[in-house]
Amino acid sequence: MSLKLSFLWHMHQPDYVDEKGEMHMPWVFLHAIKDYYEMPWLLSKFPALKATFNLTPTLIRQIKLYEENGYKKDKFLMLWVREVSTLKEAEKKYLIKLCKSAPFETMVKPLQRFAVLYPKEHFDETELQDLEVLFLLAWCGNYLRENSAVVQSLLQKETAYTQSDKETLLDTLLKFIPQILPFYGSLLQSGQISLSTTPYNHPILPLLIDMQTAAVSNPQTVLPQNPLSLEEDAGRQVDKAIELYVKVFGQKPTGLWPAEGAVDEKSLHLYREKGIEWVATDEAILQKTLKSSEKNLCYHRYEYDSVFIAFRDHPLSDSIGFRYRFMEETDAVGDFMKRLDEIGKQHSDANVFVIVDGENAWEFYRNNAMDFFLKLYDAVSKSRTVSMQRFDDLPKEGRQKLPSLHPGSWIYGTFDTWVGQSEKNRAWELIYQTKRETGPSCRKLDRKTQTVVEEHFLASECSDWFWWYGEDHFSDFLAEFDTLFRSHLIAVYELCGMPVPSNLYLNIFRERNVALSQVKPQFPLSVEVDGTETSFYEWLGAGMVDESKAFSTMDGVKRIVQKLYYGENDTMMYFRLDVNVKQFLSAYKEIKLHFKELPNAIVLPVTDQYQKDGLTLVCKDMVEFAIDKKYCQKKSTLHLQLEITDKQNSSEFVPTFGEIEVCFNDYSKNWFI
């Protein structure tokens, strides 16, 4: 048995640069000091292992901005480095908002002083200065913590940081960033990694070429009004990505991760014309192409139009991205290797493609996932049946030719995450409007100005704007994303010497507050667990989490659970899941209740009806279940998260964004999230 495992770690950040060349948000910098060096560094500890890294042009360009300008193009860092006493109230508010954006359990709590400051609403100057320094220290990855004397000394200091400490820390981190891209280059030259790219501004290329493709993928998708073909822009997005890759790494890329795994026949033909030999996408595309849900199909090698296509193992990839962060590292790695073993036993020459966001998941793991990766890489390196290989090493022989290719992305094999809702469509319509109205004036501009105009158009086509528009994702920074998107189109009118339409000054996104999707329990429940809403009053006073309005950036798929209701009385805890029950029963296998304070999860099978030893579950119009409080081991407070596992061992966690704090029989405290 010989199983070939190919990892692709996708490194990407949206383009945070406005028309003045200033970065409005610091996520490139933060992930640079935590992830972009650390991920290949962890792999390099196992020289016999190989993997592929995808570095998007928007990420590379912004790393280069820090190399060339230090902190002077970053809005956050320009405020962060100033004396606290010079800051205005609005500036302090902005800094505090960002400093509180780190996940509490894994990044804030390990730094005791940070955890003390985190819940405060008001800060004196000494506290704010500590908060600022601790925030950056929390983002410093394990490589820096092991190798930087400055980072080590400031972590040991813990509090009472000075302005000099701030300046020394920032100087150290800015000197570190120029080491990142050369490190990838050295591993590329040694042959341990291969590198791939993405179209220049991370656009959904099939939608640029032909917006009707969205309706071909899903006939229910509502298209924007009066769409234009932006096929010429699509070609420029690919050309400019290749040009930048050659400039940085001295050779042409052979492979490409299309933004969000978005593919169709026309985009693959374009890639082939540009010299791209392989792309990757999700197994959902293969299943829809072959009109088969057979899981094992994705372990073969395929090509379309002479371009090799690696189809991502969705459950395995999502386990790393979303599921394993809730497990002990040994258990997570054991689960991963067990699944590989099962695949290998069914296929004598299986190709398994694991493609995961290479940056955003790790802040939700303990120790920035270093313990997980060291155990994972060690297990693979010792395996006699699994070998890791680069995407560039995939053999050309033995490929199966696909006669067609279903259009879609890695999310459900459709484009609905980027088009179809009113906000998303409005953004597309503003691009089309700007193209139509400025086209004649743009053609009269000098070549240099035309190039700047083109840069703004390409930036406006980035997939990330459309990700955040609509009701399917939430961020505390929606206003900033909205302003950045519209600023590119405003700049086009200004460069063309034309009046800016008033609709470009209006917010596209509607105000929404994720807190409104959470309700705390008000009083004890009396629930008949029968899978139906027995009476209007049965769940009155229950706690509620509306998952449909609380989707996070980490969970980029539609979720089976729309709402969770929960509550208790003297003897029982009650739960209700609003789901598509038919889909739930056919696709899911168990519900696990993870109480942080208890050694083992409570497991309920997904079935029509279940009752055993104080556990009751019924699936009918909804999913209702009850847990006898004897399982709580007489604890007064517990922290709970539900894991819903499907039959392919992919999991959904509820609530998405944290745990329920259960304060038994104390409705002055209620249950908190």
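The values are calculated or read from the model by the stated rules, or taken from the named source; none is laboratory data. Because the structure is predicted, anything quoted here is derived from the model rather than measured. As a convention, Cβ positions derive from the backbone with ideal geometry for all residues, glycine included, and neighbour counts pool all protein chains shown. Surface areas here come from the heavy atoms of the whole protein model, side chains and all, with no ligands, DNA or RNA. Shrake-Rupley method; radii C 1.70, N 1.55, O 1.52, S 1.80 Å.
Criterion applied to E132, E231, E243 was being charged (D, E, K, R), closer than 26 Å to E260 by Cβ and touching a helix residue (DSSP H, G or I) at 6+ places or on another chain (Cβ under 6 Å), and the one residue passing it is E231. The number of residues in the stretch 526-538 that are open to solvent by 10 Å² or more (accessible area, probe 1.4 Å) and at pLDDT 85 or above comes to 5. Taken across the stretch 77-93, residues that are within 26 Å of W41 (Cβ to Cβ) and either free of Cβ contacts under 8 Å to residues at least 12 places away in the same chain or open to solvent by less than 60 Å² (accessible area, probe 1.4 Å) (or both) do occur, with at least one present. For the stretch 621-640: of the residues being in contact with a Lys or Arg (Cβ under 9 Å, 6 or more places away or on another chain) and open to solvent by less than 10 Å² (accessible area, probe 1.4 Å), which is farthest from E294 (Cα to Cα)? Here the residue is L638.
Within the stretch 428-453, residues that are farther than 24 Å from P206 by Cβ and assigned to a loop (DSSP other than H, G, I, E, B) have Cβ atoms under 8 Å from residues that are of a type in the set (V, I, T) and open to solvent by less than 40 Å² (accessible area, probe 1.4 Å) in these pairs: L445/V453, counting only partners at least 6 apart in sequence or on another chain. So for the stretch 386-396 (the condition being of a type in the set (V, I, T), outside any loop (DSSP other than H, G, I, E, B) and open to solvent by 10 Å² or more (accessible area, probe 1.4 Å)), does at least one residue qualify? Yes; the residues of the stretch 386-396 include at least one that is of a type in the set (V, I, T), outside any loop (DSSP other than H, G, I, E, B) and open to solvent by 10 Å² or more (accessible area, probe 1.4 Å).
Taken over the stretch 288-302, the residue count meeting the criterion of being more than 16 Å from V216 (Cβ to Cβ) and either polar (S, T, N, Q) or touching a Gly at 6+ places or on another chain (Cβ under 8 Å) (or both) is 4. So V28 passes all but one of these: (1) more than 30 Å from Y493 (Cβ to Cβ); (2) under 19 Å from the mean Cα position of the chain (by Cα); (3) open to solvent by less than 10 Å² (accessible area, probe 1.4 Å). Which condition number does it fail? That leaves (1) as the condition not met.
Candidates R312, R323, R366: the one that is charged (D, E, K, R) and buried (at least 23 other Cβ atoms within 10 Å of the Cβ) is R312.
When we screen L430, L458 for residues that are within 25 Å of the chain's Cα centre (by Cα) and open to solvent by less than 30 Å² (accessible area, probe 1.4 Å), the only hit is L458. Out of all the residues in the stretch 373-380, is one or more of a type in the set (F, W, Y) and not in a helix (DSSP H, G or I)? Checking the stretch 373-380: not a single residue is of a type in the set (F, W, Y) and not in a helix (DSSP H, G or I).
Out of the residues in the stretch 81-91 that are within 18 Å of Y71 (Cβ to Cβ) and not in a loop (DSSP other than H, G, I, E, B), which is farthest from the chain's Cα centre (by Cα)? So that I can check it myself, show each step before the final result.
Initially, the stretch 81-91 is screened for residues within 18 Å of Y71 (Cβ to Cβ), giving 81-84, 86-87, 91.
Cutting the leftovers down to not in a loop (DSSP other than H, G, I, E, B) gives us 84, 86, 91.
Working: V84: 33, T86: 36, E91: 28 Å.
Ranking the qualifying residues of the stretch 81-91, first place goes to T86.
Enumerate the helices (runs of 4 or more DSSP H) found wholly within the stretch 179-218, keeping only those where 1 or more residues are touching an Asp or Glu at 6+ places or on another chain (Cβ under 6 Å) and within 22 Å of L244 (Cα to Cα). Working first, answer last.
Working: elements: 180-190, 205-209, 213-217.
Helices (runs of 4 or more DSSP H) meeting the threshold: 205-209.
Within the stretch 568-620, the set of residues being among the basic types (K, R) and surrounded by 19 or more Cβ atoms within 10 Å (Cβ to Cβ) comprises just one member, R576. In the stretch 117-140, the qualifying residues are those that are open to solvent by 10 Å² or more (accessible area, probe 1.4 Å) and in a loop (DSSP other than H, G, I, E, B), and the one that is nearest to T162 (Cα to Cα) is D124. If you go through the stretch 201-236 and keep only what is farther than 21 Å from T289 by Cα and acidic (D, E), you end up with E231, E232, D233. Among the conditions (1) in contact (Cβ under 8 Å) with a residue 60 or more places away in the chain; (2) buried (at least 20 other Cβ atoms within 10 Å of the Cβ), T254 misses just one, which is (2). Flag: L49 does not match the condition of being surrounded by 19 or more Cβ atoms within 10 Å (Cβ to Cβ) and in a helix (DSSP H, G or I).
As for the stretch 192-205, it holds no residue that is at pLDDT 95 or above, open to solvent by 30 Å² or more (accessible area, probe 1.4 Å) and touching a Ser or Thr at 6+ places or on another chain (Cβ under 6 Å).
Residues L230, L208: which one is within 21 Å of V452 (Cα to Cα), surrounded by 21 or more Cβ atoms within 10 Å (Cβ to Cβ) and over 23 Å from the mean Cα position of the chain (by Cα)?
Of the residues listed, the single one that is within 21 Å of V452 (Cα to Cα), surrounded by 21 or more Cβ atoms within 10 Å (Cβ to Cβ) and over 23 Å from the mean Cα position of the chain (by Cα) is L230.
If only one of K563, K520, K549, K558 is within 30 Å of A361 (Cα to Cα), touching a Leu at 6+ places or on another chain (Cβ under 8 Å), open to solvent by 10 Å² or more (accessible area, probe 1.4 Å) and at pLDDT below 80, which one is it? Spell out how you get there, then give the answer.
Values: K563 fails: at pLDDT below 80; K520 fails: touching a Leu at 6+ places or on another chain (Cβ under 8 Å); K558 fails: touching a Leu at 6+ places or on another chain (Cβ under 8 Å).
Within the list K563, K520, K549, K558, the selection yields K549.
Of the residues contained in the stretch 242-249, none is found to be assigned to a loop (DSSP other than H, G, I, E, B) and in contact (Cβ under 8 Å) with a residue 12 or more places away in the chain.
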